[in-house]
Amino acid sequence: QVQLVESGGGLVQAGGSLRLSCVASRSLFSIDVMGWYRLAPGKQRELVASISSDGSTNYADSVKGRFTISRDIAKNTVTLQMNNLKPEDTADYYCNARRDLGWDKVDEYWGQGTQVTVSS
């Protein structure tokens, strides 16, 4: 079991910045991939950014150059720094943890979500 607690959402104007944090209940080395997803009304859930246990990262094309995902191993924390925010970034953001347990078996855990609203 992995518990995830997100924080840092809020209301900002376009061009502003926010920093989201996700604290996991266990070492990030025991989690294969930590990621941030977002869900906006009328849209499918989208993977925004992820970081693997080896430190490798990936980003959605829509946020490349604006968002940065990082980790603090000592604090079991993954951070999403969001700069130059746009109205289309408005969504509920969810932290996700994935553990590969064996052949064709994956466990996923989700935080409660944090709201991000970007005004025009």
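With respect to Ser21, is the statement that it is assigned to a strand (DSSP E or B) and in contact with a Gly (Cβ under 9 Å, 6 or more places away or on another chain) true? I'd like the intermediate steps shown before the answer.
Details: assigned to a strand (DSSP E or B): yes; in contact with a Gly (Cβ under 9 Å, 6 or more places away or on another chain): yes.
So Ser21 fits the description; yes.
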Subject >> Within region 26-53, considering residues that are within 18 Å of Asp100 (Cβ to Cβ) and part of a loop (DSSP other than H, G, I, E, B), the one most open to solvent (accessible area, probe 1.4 Å) >> reply: Arg26
Subject >> Candidate set from region 59-69 (those that are open to solvent by 50 Å² or more (accessible area, probe 1.4 Å) and part of a strand (DSSP E or B)); member that is farthest from Ser25 (Cα to Cα) >> reply: Tyr59
Subject >> When residues of region 78-89 are limited to those that are surrounded by fewer than 18 Cβ atoms within 10 Å (Cβ to Cβ) and over 11 Å from the mean Cα position of the chain (by Cα), the one farthest from Ser52 (Cα to Cα) >> reply: Pro87
Original post:
Listed residues Thr79, Thr90; which is in contact (Cβ under 8 Å) with a residue 40 or more places away in the chain, under 16 Å from Cys22 (Cα atoms) and among the hydroxyl-bearing types (Ser, Thr, Tyr)?
Top reply: Thr79
Original post:
Take the residues of region 98-120 that are out of contact with any helix residue (DSSP H, G or I) (no Cβ under 9 Å at 6 or more places or on another chain) and open to solvent by 100 Å² or more (accessible area, probe 1.4 Å): which is farthest from Leu28 (Cα to Cα)?
Top reply: Gln115
Subject >> Condition broken by Ser56, with the remaining ones in (1) open to solvent by 20 Å² or more (accessible area, probe 1.4 Å); (2) small (Gly, Ala, Ser); (3) farther than 14 Å from Glu88 by Cα; (4) touching a residue at least 40 places away in the same chain (Cβ under 8 Å) satisfied >> reply: (4)
Subject >> Out of Arg19, Arg99, sole residue that is more than 15 Å from the chain's Cα centre (by Cα), over 13 Å from Val118 (Cβ atoms) and among the charged types (D, E, K, R) >> reply: Arg99
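The values are calculated or read from the model by the stated rules, or taken from the named source; none is laboratory data. No experiment lies behind these values; they were computed from the predicted model shown. Here Cβ is always computed from backbone atoms with ideal geometry, including for glycine, and neighbour counts include all displayed protein chains. For accessibility, only protein heavy atoms count, side chains too; no ligands or nucleic acids. Shrake-Rupley method; radii C 1.70, N 1.55, O 1.52, S 1.80 Å.
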